[in-house]
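First the structure, which I've put down as structure tokens, then a few questions once you've had a look.
The values are calculated or read from the model by the stated rules, or taken from the named source; none is laboratory data. The structure presented is a predicted model; accordingly, all values stated were derived computationally and were not measured. Here the Cβ positions follow ideal geometry from the backbone for every residue, glycine too, while neighbour counts run over all protein chains shown.
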Amino acid sequence: MTRRFMEYSSTAFLGVLFALVSWASLAGENGQQKTVDGVSVYMGVLPAEMLLGHPKGHHEREMHGGVPAGINRYHVVVALFDAASGRRVTEAQVKIGGASIGMAASRKKAEPMLVNNVTTYGTYITLPGPGPYKIQVEIRRPGSDKVLEVEFDFPFARA
């Protein structure tokens, strides 16, 4: 790959990453924020191919075991906050899955990630066909046996 392409790819990815970090301020307006049992959950979804612009060995390209091969793969990221205090919820156990409406999603463990030194959770999911979909998030807070579940609408996927 040319140096110019790598610079463009890095710049594009940083722009997307910045958008993900700042999505919290707009998420409530577009349905990508929900509160369940005192936890505010913010969700962002990116096509997995966006991460392929990084050179091999770069930590974003290698996270979660590497960008999965194939089409219709998405990187889902969630951020958790205590609704009362606004403090970030860290050390939670999170699972994420996506499925067509009316179907149960097979949920995968989401790994903690640092975005601007702030903990978020992410994993890759597959959304075959045109959608619409539900993205399901399962949360277990530190020190609690209670499982919180929240579901987001995701209206489309690339065919």
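Can you pull out the residues in the stretch 88-107 that are closer than 26 Å to Asp145 by Cβ and over 12 Å from the mean Cα position of the chain (by Cα)?
Matches in the stretch 88-107: Arg88, Val89, Thr90, Glu91, Ala92, Gln93, Ala99, Ala104, Ala105, Ser106, Arg107.
Here's something else I'd like to know. If I filter the stretch 111-122 down to residues being closer than 19 Å to Glu151 by Cα and touching a strand residue (DSSP E or B) at 6+ places or on another chain (Cβ under 6 Å), which single residue comes out as modelled with the highest pLDDT?
Taking the stretch 111-122 and keeping what is closer than 19 Å to Glu151 by Cα, we get 111, 120-122.
Then keep just the ones that are touching a strand residue (DSSP E or B) at 6+ places or on another chain (Cβ under 6 Å); that gives 120-122.
Details: Thr120: 91, Tyr121: 94, Gly122: 91.
Step by step, filter the stretch 111-122, then rank; the result is Tyr121.
One line per residue, one yes/no per condition, for (1) touching a helix residue (DSSP H, G or I) at 6+ places or on another chain (Cβ under 7 Å); (2) among the polar types (S, T, N, Q); (3) at pLDDT below 85; (4) surrounded by 15 or more Cβ atoms within 10 Å (Cβ to Cβ):
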position: Arg61; (1), (2), (3), (4): yes, no, yes, yes
position: Val67; (1), (2), (3), (4): yes, no, yes, yes
position: Arg73; (1), (2), (3), (4): yes, no, yes, yes
position: Thr90; (1), (2), (3), (4): no, yes, no, no
position: Lys95; (1), (2), (3), (4): no, no, no, yes
position: Gly98; (1), (2), (3), (4): no, no, no, yes
position: Ile101; (1), (2), (3), (4): no, no, yes, no
position: Lys109; (1), (2), (3), (4): no, no, no, no
